[in-house]
Amino acid sequence: MGGSVGGDRVRAFLGLPLPEDRRARLAAHVEECSRLAPGYRWVPPPNLHLTLRFLGSLEPEILERLSGRLEEVRQPPFELELDGRGTFGPRTSPRVIWLRVKRGAEGCATLAAAIEAASADVGLEAEPRRFRPHVTLARARAEPGRLPELPEPPALEPWLVDGFVLYQSLLGREVIYRELRRYPLDAGEI
Ligand code: 2AM
């Protein structure tokens, strides 16, 4: 066993967690939506997050080097507020359903750009897609059918983003996101 090239690669991404109480507020909503729209795979509340950069499967050495570069990211903490819903894909049966970033989109974009620069430094291929901050709520199954009317997501208190997280994505019957490392945000030295 073992020995296969790249066998110990780590599937990872960088993101912002949702605070526990915000996830708890969303749990009943997600539950109701999954009953109303079974053509979609609804994200289990513990997995709700805002993706800053999907990394794919990386060699541990590359991940370590990237992590070192991420330690150097300097950015002040910022407020994040989610409000309302949006979709990617066709209007009547979208591919992705997500929560909109009402406040803090600029902070997220600045952070994503710093992460992109760090990724380039360690030789990762550039992310081809434009960064659009969102919190994915659901992804379409193979034949999602028409998306029914859904209730409004609950209003969530804004919160202070004071760090970002390196997650490992463990694929299985249920996807598990494991926090590998946390990088604090601070204003740095002037
Ligand atoms: P999204 O939900 O914000 O669109 C972990 O898999 C996260 O990485 C997902 O939440 C997803 O972000 C993002 N991601 C981006 N590209 C991906 C890909 N090709 N495969 C899996 N996840 C991807």
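For the chain, what does the helix formula give at 222 nm: sum of -39500 (n - 2.57) over DSSP H segments with n ≥ 4, over the residue count, nearest 500 deg cm²/dmol? Numbers along the way, then the final one.
On the way: 3 runs with 45 residues, N = 190.
Value at 222 nm, helices only, nearest 500: -8000 deg cm²/dmol.
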With a point put 7 Å past each Cα toward its Cβ, work out how far Ala155 is from Asp8 in nm, to one decimal. 5.2
For segment 10-183, the charge dipole (Cβ of Lys, Arg +1; Cβ of Asp, Glu -1; about the Cα centre) points to a positive end, and the Cα of Ala114, Pro46, Pro60 closest to that extreme belongs to Pro46
Descending packing, highest mean Cβ count within 10 Å first, for 153-165, 116-128 is 153-165, 116-128
Multiplying the sequence separation of Glu125 and Thr92 by 0.36 nm and subtracting their Cα-Cα distance, what value in nm do you get? 8.5 nm
Could you give the distance between the Cα centres of segment 123-171 and segment 20-97, to the whole Å? 3
Projected area, mean over directions - the chain, Cα convex hull, nm²: 12.2
Test of understanding: extend the Cα→C-beta vector of Ala113 to 7 Å, then name every residue of segment 66-88 with backbone N under 19 Å from that spot. 70-80
Förster-model FRET efficiency, 45 Å R0, Glu32 and Arg65, C-beta, rounded to 0.05: 0.55
Output for segment 42-84: trypsin sites (Lys or Arg not before Pro) sitting in coil per DSSP, at most 16 other Cβ within 10 Å, listed by number, reads Arg74
Using amide H atoms built in the peptide plane, which far-off residues or other-chain residues are under 5 Å from Gln75 H to H? Asp186
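Just so you know, all these numbers are worked out from the coordinates, no wet-lab data involved. From a predicted model like this one, the values you see are computed outputs, not experimental measurements. Reconstructed Cβ throughout: ideal geometry from the backbone, glycine too, with neighbour counts over all protein chains shown.
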